[in-house]
């Protein structure tokens, strides 16, 4: 099982009303939630470890996870509010206003988390759950305690507005990178993690030296590049589709990569440490194909396996 560890929240999406002004409709979301949903729909055994409220929104999130075949036995429930993200869409791109104080997800502690058994073979981390304390510290401790013998993928997806103490964030991320196997970033992520005017290639090399066997950089419609342990670079082109919006694109790309590596029997620390260029190319191409379906329709709505044509 790939256990997705991080935020599950409610996206409040603006929707026209009969009276004229937009109202907000609650949609289940969150970067890590989206990846878990996508993995479940792709037929990959997956689960979610997160803090969920017992309120109506937490119940919605749980139901949607289960409807997409995501195991919820690692969910931690609390009598705290759900995180709400009010969304503003401009030309298909999303801007967010978050209500997250004292939420069930943000206040999750490492001591609250269930013991991981042998069924959990891989761990995935990402999104705002790596930035919002105290929950961020709990996830960092989880990967340090349980990532040494499991494949670990991290997508920092840096959002500076959530990071109150950049030095603390970078130190926490460094602890996680040290035990990671796959890290996916954008060029903006790299420039934030490693400030300065060094060439992008140097920053990629710096990230590779921090721990992961595989570094992936996404380039939107231009596809993605990946670097193997020996420094070999693999590139894949993006799939050209009519973009409705980009909500959840990176999250479902990650699911596609993990799904293909799992199908190829390569989602383990030893296998990722000696991954072939062909296997990485297949994983990146599959990630691009999954993301292309997601961006072709409204909202973070990952495809089911039978919707893919590649």
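Assorted remarks:
- Residue in region 4-46 that is nearest to residue 152 (Cα to Cα), counting only those that are modelled with pLDDT of 95 or more, out of contact with any helix residue (DSSP H, G or I) (no Cβ under 6 Å at 6 or more places or on another chain) and crowded, with 24+ Cβ neighbours inside 10 Å: 36
- Selection status of residue 236, closer than 24 Å to residue 31 by Cα and buried (at least 16 other Cβ atoms within 10 Å of the Cβ): yes
- Residue within region 52-75 that is at positive phi, surrounded by fewer than 24 Cβ atoms within 10 Å (Cβ to Cβ) and at pLDDT 95 or above present: yes
- Residue 239, sole failed condition from (1) more than 17 Å from residue 39 (Cα to Cα); (2) in contact with a helix residue (DSSP H, G or I) (Cβ under 6 Å, 6 or more places away or on another chain); (3) outside any loop (DSSP other than H, G, I, E, B): (3)
- Tally, over region 213-231, of residues that are outside any loop (DSSP other than H, G, I, E, B) and either farther than 28 Å from residue 268 by Cα or modelled with pLDDT under 90 (or both): 3
- Test for residue 234: is it touching a helix residue (DSSP H, G or I) at 6+ places or on another chain (Cβ under 8 Å), assigned to a strand (DSSP E or B) and touching a residue at least 12 places away in the same chain (Cβ under 8 Å): yes
- Residue identified as surrounded by 21 or more Cβ atoms within 10 Å (Cβ to Cβ) and over 27 Å from residue 44 (Cα atoms) among 139, 124, 169: 169
- Any hit, region 191-212, residues being in a loop (DSSP other than H, G, I, E, B) and crowded, with 21+ Cβ neighbours inside 10 Å: yes
- Where a residue in region 63-74 is in contact (Cβ under 8 Å) with a residue 12 or more places away in the chain and its partner, wherever it lies, is in a loop (DSSP other than H, G, I, E, B), with Cβ under 6 Å and at least six apart: 65/72; 74/114
- If only residues of region 76-95 that are free of Cβ contacts under 8 Å to residues at least 60 places away in the same chain, in a strand (DSSP E or B) and touching a strand residue (DSSP E or B) at 6+ places or on another chain (Cβ under 8 Å) are counted, the one that is surrounded by the most Cβ atoms within 10 Å (Cβ to Cβ) is 78.
- On inspection, residue 279 passes the criterion of being within 18 Å of residue 152 (Cβ to Cβ) and more than 20 Å from the chain's Cα centre (by Cα).
- Any hit, region 152-159, residues being at pLDDT 95 or above, part of a helix (DSSP H, G or I) and touching a strand residue (DSSP E or B) at 6+ places or on another chain (Cβ under 9 Å): no
- Exactly one residue among 300, 285, 292 is in a loop (DSSP other than H, G, I, E, B) and farther than 21 Å from residue 150 by Cβ, and that residue is 300.
- Some residue of region 94-103 being touching a helix residue (DSSP H, G or I) at 6+ places or on another chain (Cβ under 6 Å) and closer than 27 Å to residue 162 by Cα: no
- Check on residue 129, touching a residue at least 24 places away in the same chain (Cβ under 8 Å), surrounded by fewer than 21 Cβ atoms within 10 Å (Cβ to Cβ), under 30 Å from residue 104 (Cβ atoms) and under 18 Å from the mean Cα position of the chain (by Cα): no
- Just one of the numbered conditions (1) farther than 26 Å from residue 185 by Cβ; (2) loosely packed, with under 13 Cβ neighbours inside 10 Å; (3) in contact with a helix residue (DSSP H, G or I) (Cβ under 8 Å, 6 or more places away or on another chain) is not true of residue 119: (3).
The values are calculated or read from the model by the stated rules, or taken from the named source; none is laboratory data. The structure displayed is predicted, hence computed values, not measured ones. Cβ atoms come from the backbone with ideal geometry, glycine included; neighbour counts cover every protein chain shown.
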